[in-house]
Amino acid sequence: MALVSRQALYELVWAKPMRTLAQEFNLSDTGLKKICQRVEIPVPDRGYWTKLRASKAVKPANLPPRGPGMPDAVYIGEYSRFGSHIVDPEVELAEPIPVEPQFNETLDHLRLRIAARVGKVIYERTLNAPHGLIRNLLADDEKRGVRARDLPWRLASAEPFFDSAFEKRRLRILSSLFTALQKFGCQPWIADPEARNIGVIVGMEHIGFFLDHPSAKADRSGQWRTRPGWADELRLTIAGEGARSWSDTEEHGLEVHLTDIVVSLVTVGELSYRAAARDAFTRSLRRRRQLEEELVRRRAETERKACEAEVAAEKVRRDELIRMASDLRAADDIRTLVTRVLEGKGVGDEVASRWGAWALEVADRLDPSSRPSLDLTKAAGEIGPPS
């Protein structure tokens, strides 16, 4: 996989037809288009290339600024679940040194830019046309109520979750927030039937927030319960970077803060991205230091093994040399013995002559200097020239 900046990918998709470019990354043109959409990169339509081939004047669409929580680079290409386990420090260190992320836009300017795009968030006073996620909750609640009415006995777990004034007000606030967030380009989410595990995806960042009575908490098993009764106090708290909180007061309800809440949620998404980018930069530098240390260790290990191999080879050569010297002495001793024995036996002793011939053959086989197969060239090459 290749890490490509938005700017670089934008230039690529306007320089080559999508199908041609996608093949270079081992992707389908549809897959590459989805990647571009994810990071808000405009892509040419077919008419663009037709006009270009006809030498007509065409102009690429402008690359919009990076949105809040949107990454400035994207991974493209075929992913191998096995490749990541293969670590080659030299190959990895050959990659460009990571560049520290720079965010020139101040927090105040960021909030102003987001607020201008958000506009005024409208509070939905009814649940007649709620956001789709809230509509799904209400539909499930309606089914739950029908089942509860069909039961011959009253079962608390089968009762509707959102019948109380407290829960209906809570859903109206959620619907208002979700509608404004989705209009901005964010993706709200609800992860549980009681709508307590809630949040929004800003760009690529998952931002959770809490909307409930200040005293509300999950039970020992982590299960949340909806709240019966009248429209009691509500508090909304954003988790993560730049965490903030709003509560009902005697002067104003939470509803007057909806615009500020939406702006803050989007802002927290951008702050979360910035923190993650800085953390990724720090981790990449730490990773490079670890790889450099690993490379030094591996080189030292290679040198150590080479030295050990040379010491072992030298021992083999020395042992062989000592054995050859011992064989030479034994051969010379045998020849001396044969000479003396034959001198004592006289020239006509046939048995002594045969014995002497055999003994001299043994001496010749032992004598390393008389072996026709003895090759000192290799040994001399391993030893190297004299210093």
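Computed from the coordinates by the stated procedures, all read-outs in this text should not be read as laboratory data. Predicted, not measured: the structure shown is a model, and the values here were computed from it. Because the Cβ atoms are built from the backbone with ideal geometry, glycine has one as well, and the counts that use them run over all protein chains shown.
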In degrees rounded to 10, the 0-90 angle between helix 29-38 Cα long axis and the longest Cα principal axis of the chain is 60 degrees
Going from the fewest other Cβ atoms within 10 Å to the most, one would list F281, F184 as F281, F184
Degrees separating the helix 132-150 axis from the principal Cα axis of the chain, which is the longest one: 70 degrees
Quick check on my link table: of K34/K120; K16/K51; K16/K183, which ones sit more than 23 Å apart, alpha carbon to alpha carbon? K34/K120; K16/K183
Give the angle, between 0 and 90 degrees and rounded to the nearest 10, that separates the Cα long axis of helix 107-118 from the longest principal axis of the Cα atoms of the chain. 50 degrees
Highest mean packing first, using Cβ neighbours within 10 angstrom, the peptides 53-60, 240-247 sort as 240-247, 53-60
